[in-house]
Amino acid sequence: MASDETPETELSADEISEQKAVRLAKRERLIAESDAAGGAYPVGLPVTDTIPELRERFGSLEADESTGVFVGIAGRIVHLRNTGKLCFAVLQSGDGSRIQAMVSLASVGEESLLRWKELVDLGDHVFVHGEVISSRRGELSVMADDWAIASKAILPLPNLHNELSEEVRMRSRYLDLIAREQARTNVVNRSKAVASLRATFASRGFIEVETPMLQTMHGGASARPFVTHSNAFDTELFLRIAPELFLKRAVVGGIDRVFEINRNFRNEGADSTHSPEFAMLEAYQAYGDYNTMAELTQTLIQDAAWATTGGHVVTWADGTEYDLGGEWDHVSMYESLTDALTRAVASGSVPWTGGTDITPETPVEELASLAELLDIEVAHPIAGKYVEELWEHFVKGALVRPTFVRDFPLDTSPLVRAHRSKPGVVEKWDLYIRGFELATGYSELVDPVVQRERFVEQARLAAQGDDEAMQLDEEFLRALEFGMPPTGGMGMGIDRLLMALTGLGIRETILFPLVK
C-alpha cells in the first residue's frame, strides 16, 4: 500500500517522551468525550467482518470500483496520511493482513474529520464503518461513514520501514509481531507443528499427560537445575530438568503409550541452540525400543514439516532448502569416530601417533591424550565424555542429512539399557539435523537393580563435583521394583524442531525468550 504511506523517521528518547505526553492528552480528551464517542478504550464495537475475510472476499476488485457492501472493521493503524478533505489509514489485523480506511469530509462530515485529524495516531486501534471499495489506485479500502477509537496507543510505533534490531525483537516481541511477517509466521508454524505432533501421537494410541514442574529431586537428564524453596513444605525444590522419571512411573502404572509436551528448565548457558527455559516433548512406548522410537521420531518430524510447509523439503530463513524426506541415515558413534580419526591421521591434519580404533575398551588415558592434543577440555572426565567430545570434534560437522547417531558410551547414559550385543555401549541414539542435536532416543533401562547401581555411580560423580550428575531417586527405584515392561523412549526440543523447520536460531522460535 505504498501509495498511501508516509515515511516515519526514528524518534529520539526526548521525542518519544514528547509524543507520549501529547497522546496522553488525547486520551484525556477521549475519556472526557466518552458519553458521545466511546472513550479511549471502549468495551466493545460493532465489528462485522475481519480484515482477512474482506481481503479474501473482495481482493479482486478493479480500481475505483464500489461494492455497495457496508461493514464494520477494526485494526491497528500502521500507516497514516492526513490531507485536507481526505485522510488515509492502513489498518493491520493480528495476522498481518491490511486494508485501507478512507475518511473523507463528504462521508463523515466536518466535525468527525477534524476529530480524526486531532485524535488519531499511528499505532492506535480504530473501528471504521463504511462501504467496501477499491480506491483510484486499486487499494482495497473501506470508505468510512463512521469511526471510533478502539484503543489509544500511548507510545509511538517504531519505524516500520526499517528492520527492527535483534535487541528490540527479543525484548519487545509484541513490536516484532506488529512489524515483521516472519515473527507472526513463526508463531503460526510453531502452533501447527505442535498440533501435528499431538495428531501423530493420537493416531498411534498415545495418551498425553502432565507431570510435575516442581520436584523434590532433579533427574531424567544430566543438567544443572534451578533451585527454589517451598514455604508451604519448608523444603528445597527443583524446577524440573526433564519429565522422564515421572513418565516412566506412568508406564509402570499401565499407561503403555504416553507423552508430554511441556517446559523444562536447565541452569546452564544460553546460545544459538540453548535456552535456560525450553519446551520439550518426551514419549514412552511399552514393548518398544530405540529402533521403534527412531521410526516414531522420523514420522513426527516429517509430519510436522508437512503441516507447516506442505512438504518434506523445507526452506530456511536464508533461502536454503533442506530435505527431511525419505529414510534417514544411521551411524555408530564409535565406528564413525574411528573412521574420521583414521582419515585425519592419514591426511596429516592430526599428528596423532596412538591408535585410531576407538572402542569402549580404549583406555581413558589414551582418550585424554588425544583430547589434549586437540585442545578439547572435558570437565569431570570419564571415558564416555571424552568419546562424545571427540566425536563432536571429528564427526558432527560433517553430517549433512538427518542422521541418527547410535550406540553411546555406557558411563554417560545412566538411564539407558546396555546394548543387547555390543559390550560397553548402550542402546541410545541422538538425532542430528542442521548440525545440532534435535532429539534423543533410548531402549529404557527397566532393571531396578542395575538402575540403582547406575544412580550410585552418579552420586559418586556428584560427590566429586559434577553438577550435572543425577541424584539417587528412591521413589523412582521403588516404582521400577513393581515391574516396568521393556520400553522405548524419546525426547525432542520443540524449539529445536522449529529451528530444523525454519533455519532460525532458538531465540527466534521462542515467542518470549529469556534475555538478560
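Applying the selection to the stretch 97-125, what residues are more than 18 Å from Ala40 (Cβ to Cβ) and without any contact (Cβ under 8 Å) to a residue 40 or more places away in the chain?
Leu105, Ala106, Ser107, Val108, Gly109, Glu110, Glu111, Leu113
Take the residues in the stretch 1-15 that are under 22 Å from Val90 (Cβ atoms) and surrounded by 12 or more Cβ atoms within 10 Å (Cβ to Cβ), then tell me which one is modelled with the highest pLDDT.
Leu11
Anything in the stretch 446-457 that is under 33 Å from the mean Cα position of the chain (by Cα) and at pLDDT 95 or above? List them, or say none.
Val446
For residues that are free of Cβ contacts under 8 Å to residues at least 60 places away in the same chain and surrounded by fewer than 17 Cβ atoms within 10 Å (Cβ to Cβ), tally how many sit in the stretch 352-363.
Residues in the stretch 352-363 being free of Cβ contacts under 8 Å to residues at least 60 places away in the same chain and surrounded by fewer than 17 Cβ atoms within 10 Å (Cβ to Cβ): 6 in total.
With respect to Arg507, is the statement that it is at negative phi, at pLDDT 95 or above and out of contact with any strand residue (DSSP E or B) (no Cβ under 8 Å at 6 or more places or on another chain) true?
The answer is no for Arg507.
Applying the selection to the stretch 143-175, what residues are hydroxyl-bearing (Ser, Thr, Tyr) and outside any strand (DSSP E or B)?
Ser165, Ser172, Tyr174
Please tell me if Leu477 is open to solvent by less than 20 Å² (accessible area, probe 1.4 Å), in a helix (DSSP H, G or I), within 12 Å of Arg249 (Cβ to Cβ) and of a type outside the set (Ser, Thr, Tyr).
Yes; evaluated as a whole, the condition is true for this residue.
Asn162 is checked against (1) under 23 Å from Leu80 (Cα atoms); (2) crowded, with 19+ Cβ neighbours inside 10 Å and fails just one. What number does that condition carry?
With (1) under 23 Å from Leu80 (Cα atoms); (2) crowded, with 19+ Cβ neighbours inside 10 Å applied to Asn162, the lone miss is (2).
Could you please tell me which pairs satisfy a Cβ distance under 8 Å, a separation of 6+ or placement on different chains, a first residue in the stretch 172-194 that is touching a residue at least 24 places away in the same chain (Cβ under 8 Å), and a second residue that is open to solvent by 50 Å² or more (accessible area, probe 1.4 Å) and among the aromatic types (Phe, Trp, Tyr)?
Listed pairs, sorted by first residue: Arg173/Phe512.
I'm told Gly220 meets every condition in (1) farther than 28 Å from Trp306 by Cα; (2) open to solvent by 20 Å² or more (accessible area, probe 1.4 Å) except one. Can you identify the failing condition by its number?
Result: Gly220 fails condition (2) only.
Give the residues of the stretch 480-516 that are under 20 Å from Ala250 (Cβ atoms) and either basic (Lys, Arg) or open to solvent by 30 Å² or more (accessible area, probe 1.4 Å) (or both), sorted by residue number.
Glu481, Phe482, Gly483, Pro486
Of the residues that sit in the stretch 415-444 and are open to solvent by less than 40 Å² (accessible area, probe 1.4 Å) and free of Cβ contacts under 8 Å to residues at least 60 places away in the same chain, which one is farthest from the chain's Cα centre (by Cα)?
His419
Going through the stretch 198-237 one residue at a time, which ones are farther than 27 Å from Thr412 by Cβ and touching a residue at least 40 places away in the same chain (Cβ under 8 Å)?
Result: Arg198, Ala199, Thr200, Phe201, Arg204, Gly205, Phe206, Ile207, Glu208, Val209, Glu210.
With the requirement that a residue be outside any helix (DSSP H, G or I) and open to solvent by less than 20 Å² (accessible area, probe 1.4 Å), what does the stretch 97-125 give you?
Across the stretch 97-125, the qualifying residues are Ile99, Gln100, Ala101, Met102, Val103, Ser104, Val120, Gly123, Asp124.
Only one residue in Ser151, Ser191, Ser135, Ser172 is under 37 Å from the mean Cα position of the chain (by Cα) and closer than 17 Å to Leu91 by Cα. Which one?
So the residue among Ser151, Ser191, Ser135, Ser172 that is under 37 Å from the mean Cα position of the chain (by Cα) and closer than 17 Å to Leu91 by Cα is Ser151.
When you scan the stretch 25-38, do you find a residue that is within 15 Å of Pro156 (Cβ to Cβ) and either surrounded by fewer than 15 Cβ atoms within 10 Å (Cβ to Cβ) or in contact with a helix residue (DSSP H, G or I) (Cβ under 6 Å, 6 or more places away or on another chain) (or both), even just one?
Looking for residues that are within 15 Å of Pro156 (Cβ to Cβ) and either surrounded by fewer than 15 Cβ atoms within 10 Å (Cβ to Cβ) or in contact with a helix residue (DSSP H, G or I) (Cβ under 6 Å, 6 or more places away or on another chain) (or both), one finds at least one in the stretch 25-38, hence yes.
Is there any pair with a first residue in the stretch 466-488 that is on the phi < 0 side of the Ramachandran plot and a second that is among the aromatic types (Phe, Trp, Tyr) and in a strand (DSSP E or B) whose Cβ atoms are under 9 Å apart and which are 6 or more apart or on different chains, and what are they?
Thr487/Tyr284; Thr487/Tyr442; Gly488/Tyr284; Gly488/Tyr442
If we keep just the residues of the stretch 55-80 that are part of a strand (DSSP E or B) and among the polar types (S, T, N, Q), which is most open to solvent (accessible area, probe 1.4 Å)?
Residue satisfying both the conditions and the ranking: Ser66.
Condition test on Val47, is it within 35 Å of the chain's Cα centre (by Cα), at pLDDT 95 or above and not aromatic (Phe, Trp, Tyr)?
yes
Given the criteria open to solvent by less than 10 Å² (accessible area, probe 1.4 Å), among the small types (Gly, Ala, Ser) and over 28 Å from His330 (Cα atoms), does Ala469 qualify?
Yes.
Do you know which residues across the stretch 362-412 are of a type in the set (Gly, Ala, Ser) and either over 29 Å from Ala500 (Cβ atoms) or over 31 Å from the mean Cα position of the chain (by Cα) (or both)?
Once the filter is applied, which keeps residues that are of a type in the set (Gly, Ala, Ser) and either over 29 Å from Ala500 (Cβ atoms) or over 31 Å from the mean Cα position of the chain (by Cα) (or both), the stretch 362-412 yields Ala368, Ser369, Ala371, Ala383.
Step by step: first the residues of the stretch 254-310, then only those that are of a type in the set (S, T, N, Q) and within 15 Å of Gly488 (Cα to Cα), then the one that is least open to solvent (accessible area, probe 1.4 Å). Which residue is that?
Among those that are of a type in the set (S, T, N, Q) and within 15 Å of Gly488 (Cα to Cα), it is Thr297.
The values are calculated or read from the model by the stated rules, or taken from the named source; none is laboratory data. Keep in mind that what you see is a predicted model, and the values were worked out from it rather than measured. Using ideal geometry, Cβ is built from the backbone for each residue, glycine included, and neighbour counts are taken over all protein chains shown. Accessible surface is based on the protein model in full, side chains and every heavy atom, while ligands, DNA and RNA are left aside. Shrake-Rupley method; radii C 1.70, N 1.55, O 1.52, S 1.80 Å.
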